[in-house]
There are 4 protein chains.
Amino acid sequence: MTEPLPIGVLGLGRMGRIHARHLAALPEARLVAVASRRSEAAHEVATLYGARAYTHYDDLLADRELRAVVIASATHEHAKHVEAAAAAGLAIFCEKPIALRLEDTDGALSAVAKAGVPLQVGFMRRFDPAFVEAKRRIEAGAIGQPITFKAISRDPQLPTAEAEEALVRGNLFIDLGVHDFDMARWLMGQEVCQVHAVGGALVYRRLAEAGGVDNGLLSMVFADGALGGVELSRNAAYGYDVRTEVLGTEGALLIGGLQRTPLSALTPSGVTHDVFPWFPERFADAYLAEIRHFVQCVRAGEFPSPDGQDDRAALQVALAATESLKSGMTQVPVTSKVTGT
Amino acid sequence: MTEPLPIGVLGLGRMGRIHARHLAALPEARLVAVASRRSEAAHEVATLYGARAYTHYDDLLADRELRAVVIASATHEHAKHVEAAAAAGLAIFCEKPIALRLEDTDGALSAVAKAGVPLQVGFMRRFDPAFVEAKRRIEAGAIGQPITFKAISRDPQLPTAEAEEALVRGNLFIDLGVHDFDMARWLMGQEVCQVHAVGGALVYRRLAEAGGVDNGLLSMVFADGALGGVELSRNAAYGYDVRTEVLGTEGALLIGGLQRTPLSALTPSGVTHDVFPWFPERFADAYLAEIRHFVQCVRAGEFPSPDGQDDRAALQVALAATESLKSGMTQVPVTSKVTGT
Amino acid sequence: MTEPLPIGVLGLGRMGRIHARHLAALPEARLVAVASRRSEAAHEVATLYGARAYTHYDDLLADRELRAVVIASATHEHAKHVEAAAAAGLAIFCEKPIALRLEDTDGALSAVAKAGVPLQVGFMRRFDPAFVEAKRRIEAGAIGQPITFKAISRDPQLPTAEAEEALVRGNLFIDLGVHDFDMARWLMGQEVCQVHAVGGALVYRRLAEAGGVDNGLLSMVFADGALGGVELSRNAAYGYDVRTEVLGTEGALLIGGLQRTPLSALTPSGVTHDVFPWFPERFADAYLAEIRHFVQCVRAGEFPSPDGQDDRAALQVALAATESLKSGMTQVPVTSKVTGT
Amino acid sequence: MTEPLPIGVLGLGRMGRIHARHLAALPEARLVAVASRRSEAAHEVATLYGARAYTHYDDLLADRELRAVVIASATHEHAKHVEAAAAAGLAIFCEKPIALRLEDTDGALSAVAKAGVPLQVGFMRRFDPAFVEAKRRIEAGAIGQPITFKAISRDPQLPTAEAEEALVRGNLFIDLGVHDFDMARWLMGQEVCQVHAVGGALVYRRLAEAGGVDNGLLSMVFADGALGGVELSRNAAYGYDVRTEVLGTEGALLIGGLQRTPLSALTPSGVTHDVFPWFPERFADAYLAEIRHFVQCVRAGEFPSPDGQDDRAALQVALAATESLKSGMTQVPVTSKVTGT
């Protein structure tokens, strides 16, 4: 394929707009159309990038010029949209997770398999330069055999009532944790077999009433006995904080750093630097790289990675963690294989 | 008391020698005598500091000039030596832990209580400037309410057969973990109520045969629902690595840093700095400060902290972790109170 | 102006390609045409972004659709191209410096003034987030009165014969130093009045033969008596190293950091992280921001900054430094005003 | 010599007290006596360490038990005290600089030479672990050939009137700069041949009236053409800041770091850590190591380093810088050899 890939974006929330901007900037893609239920948003983005605007997703998917679509709608609609896009024969990039229940994920994956279309899931950390380099070094044996995986994912504090509402509807282990579970599988090169979780609604009162948690800690055991620890928090008052570490028999790798801007202030109360405010700033390069990977694979007729099975496997860990929080049960019924190695 | 405190050191391994050096340097103390079964060691250290040498601990404890003693013998002898020192009416500084079994600890504490002598336990992190400042800020409300405690303690790799032998005899959660459990209680200002542990003998083969673990991860829940995560490893190929973090509702504190010497090399393969080789280098200031605190308390007729109850409480967490590793059981029968706040 | 700005790029070396890529990605601009003497390069870039290709600069400037042009040709051709672009009535973005001799700069600026077209010069550091924030804080009084400006600019080592050839033709203070001189003026908010330089050909033998220098140190005095120190080197074996510091009466600001990727390796020989390889990686955001600023100003009918007078003033410092190296003379005949405050 | 070295301390200001404390703690030395014109100080320190107190320096030097003396009196009295100590046949440790005028230094050195006593000068940076390791690596060829020496020495702000008075009496290049000039010679392994200085009284008004400077920048050229840049400031509002860097043909070494305590606070306004307040905290290890080196050399009958010639050479650079500030003259009449390599 020598022409730029004609592609559409379904959903124009924060992530949809990021994807639209990147697709408009990529010479190997052509942003043909966008869709949002909010007509104003659809037209605003369409005008900005010279694309067509739709307010119904089936109109977008029916656009005859499209060959691929980015699904960035609300999480609970992902599966439905994946199925429709597969039925339309489009290559699919879907934000993570495909669904919140395993049966919905399986339904979507089955539709994708039947249609034979490529599907990439938005685990953008796999495209972050620091994670990519860590993966490369682990595989090159730089730290010997990996024996412990550690991760911290802390979202910045959400002061608004709407944000708190979203937390009540959400699930800490799925919303926030799947990225870490994907990294656990990818960097360690094997599946998580056991999960034990503790957690609590330590900050948000309404979450406590709804039975949710805003802070959680997981211990994991991998297939070969290696250990994993993941901390998840909704409550980093100081910003966005993602740190990942792999300890091996011959060394360790630390991924992540708090400092965003290379500027330090030396003041009478100490030395101060800033922190990443949130994920779009921390993973700006990764979001561009993941969508370029998708476009390149589709143009080359190749299947991209991470795929639906990776999404499913990370969801399984998240569901096991959720279950463990209630029951203490720690076994994860693992059925997938890690891809993208 | 205006005269320097006359004090002895019982046991001249690594820790005993550190204490002897510090006591000899403190103007408010006078190192009167040292004891070691190894006569050569006793005489070497005694000559260096102008002290008397004993080869039997009861001779040391019978030294009429002594008013206090530092017990730095092998861990399994601590309880016996504490009891003898208490019987001799001496103020006691004992290396942690007092014992490996709760009943032995209780026996020693009971002897101390009966004799009415002061007892300080060697949790030197409580005297490290960074931990001290963190404690001060937490109490001042700088991070709001503490909701998550995190700790990493990684010992450097031990290549020798003897070292491996010591590992086989030891217990990861007691030998290495008690420091973190003490910090958990001290920094969070409350007791640990639940512990869940995973672990494995991932590096040392002989340890696996003996049923031991060289790497472990713990999840903990505190009395008020706050969470804790502790990672312990015998296998840091790169050096000694102690990092502690407290996340609060309004901020976080990170204690520890890998860099020992403020020297960075800028080379074609990147920027490199060194790492602390082991605990004597990392906690040099803390070891001096803890023994000074002990000497000052004894001279002033005050009871020092951390005391035997702190040792007992940290041991309880370690024992619960050991138990959890086998059974999955997670309840900690907590009976103590945190001191030193 | 509601349509995207139609713009061309003249010169397709490293910088011309960076500008072309950014212009193609900006929704508010439209990359209409590119020009390079090397026909292959012109067609490759034109095809990639759907633009027209020219192999003569006058053909590009004569393109009727163009409203603006980016001049990224060889430095010694900048002045000629600026004059031609001004004659064509185009808004001009010119890579720094406009010329190597003050009379050539003056000729170009005179042509620009006569044509009344906007001219922005490629001092991209003024758009780097860290420098921008530093400027903002200095003006807000965060460090009191600035009293010392410090800068290090070290280019990575250039192993090839061609690179060495370029060094022989170039001038350390102009090629490399103008960025620091621009930052000196901009951050301190005043002109440099005196310069004293030392330097030597300490690494490249052929440079020594040609009378050039590969390492230089400057002391500067600003109009109000504040001090400045700049180090320039062609010889950073470890990568690209730009650090800038402003010391004020109430604090200091440090801009820059060596680490590119947030990944640290913990190995038996220490902790290692990478370094920025060269300027495109360090200033990726700044290059995008400066061209967006240019496009936005032109569309809004505003004059962008930094302008030709800023280029001229920085060149004056560089020429004074060059002169000082030979004669020890330190007076700078300053005639300009700092813009962009 | 098997007995501890009997030693006295002359002068009990900040530095004298540091030396007294270290000597009292060293098993290989015995602090026999201290002297201070302030009788109270003399008795307080003497009592603390069990030493004799004198209020006249000649009484101290006449103490029959002494074999060595630390001279930590006011700078303008150093030379006189060195001469008297030499006449008394004592091994001498003298705080830097021996004198402020070259003829006084020469007089003292001549007395020392005549008496044949050992003399060590208090350039404690030569004993700082980071500087020591840097020196070792440079000599091992780790950075190729050193081509540029860079240094920053910033003293913390001095708010009191007395402190300002001291500044008026002092000389920035001598008081503060000699340490950097010593490091320049030591790390580069050769002499400084040219110096050019700029400076100003940018902060302290009274200093300006007295013709002094509180901030200065120097450019230096070494014997083999290598370059040097030194920044000196009395005005670090944020603390004590010593950074040194050597750039070589194959890499660079950065010595120094601002952070004192390994504690970082993560707050909504960024990440903050502390700074070294002043030199006793930054160079605590170095002060102990230098005095131990002196004691060991004297006990072993060896001549310690750095010696009087090192002091003289660093003073020459400082004097040349002072002269350059007035006249622009840049030649340094170098007559010494670097020792301690």
Which whole-angstrom value gives the distance between the alpha carbon centres of the range B:123-172 and the range B:272-300? 13
TM-like helix rule applied to chain B (DSSP H, alpha carbon span at least 27 Å on the long axis, mean Kyte-Doolittle at least -0.5) gives B:308-327
With the label set 7 Å along Cα→Cβ, residue A:48 is separated from its counterparts in the other copies, in nm and shortest first, by 2.5, 6.6, 6.9
Cβ-Cβ cut-off under 12 Å around residue D:50, Lys and Arg +1, Asp and Glu -1: the net charge is +1
After finding the eigenvalues of the alpha carbon gyration tensor for the range D:90-219, what semi-axes result from the square roots of 5 times each, listed largest first in whole Å? 28, 23, 14
Computed [θ] at 222 nm, deg cm²/dmol, chain C (DSSP H ≥ 4; -39,500 (n - 2.57); rounded to nearest 500): -12000 deg cm²/dmol
By the gyration tensor of its Cα atoms, with a ≥ b ≥ c the square roots of the eigenvalues, what is the shape of chain B: rounded for a/c under 1.5, prolate for a/b over b/c, or oblate? rounded
According to the square roots a ≥ b ≥ c of the eigenvalues of the Cα gyration tensor, what is the shape class of the range A:154-231, taking rounded for a/c under 1.5, prolate for a/b larger than b/c otherwise, and oblate for the remainder? prolate
Sorted largest first, the Cα spans of the range A:174-325 on the principal axes come out in Å as 56, 43, 39
Using a 7 Å offset from the Cα along the Cα-to-Cβ direction at both residue A:303 and residue A:65, what is the distance between the two label points in nm, to one decimal? 3.1
Residue A:281/residue D:281 FRET efficiency (R0 35 Å; Cβ-Cβ; nearest 0.05): 0.45
Among DSSP beta bridges whose residues both lie in chain C, state the antiparallel percentage, nearest 5. 55
Could you tell me the distance between the Cα centroids of the range D:211-271 and the range A:250-267, to the nearest Å? 20
Semi-axes of the equivalent ellipsoid for the protein assembly as shown, Cα gyration tensor, largest first, Å: 56, 48, 23
All other residues with a Cβ under 11 Å from the Cβ of residue C:123 taken together, and with Lys, Arg as +1 and Asp, Glu as -1, what is their net charge? -4
Using only alpha-carbon positions, what ratio does the radius of gyration of the range D:5-117 give when scaled by 2.2 N^0.38 Å? 0.98
Of C:135/D:150; A:80/A:326; C:150/D:150; D:80/D:114; A:80/A:114, which pairs sit farther than 21 Å apart, going by alpha carbon to alpha carbon? C:135/D:150; A:80/A:326
Please give the average number of partner chain Cβ atoms lying within 10 Å of the Cβ of each residue in B:203-215, rounded to a whole number. 1
What is the sum of charges, Lys and Arg at +1 and Asp and Glu at -1, for the other residues whose Cβ falls under 9 Å from the Cβ of residue C:276? -1
When chain D is modelled as a GNM with alpha-carbon springs shorter than 10 Å, which of D:76, D:273, D:43 fluctuates the most? D:273
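The numbers here are math on the coordinates, done by the rules we state, and not lab data. Just so it is clear, the structure is predicted and the values come from calculations on it, not from any experiment. No Cβ is skipped: glycine too gets one built from the backbone with ideal geometry, and neighbour counts run over all protein chains shown.
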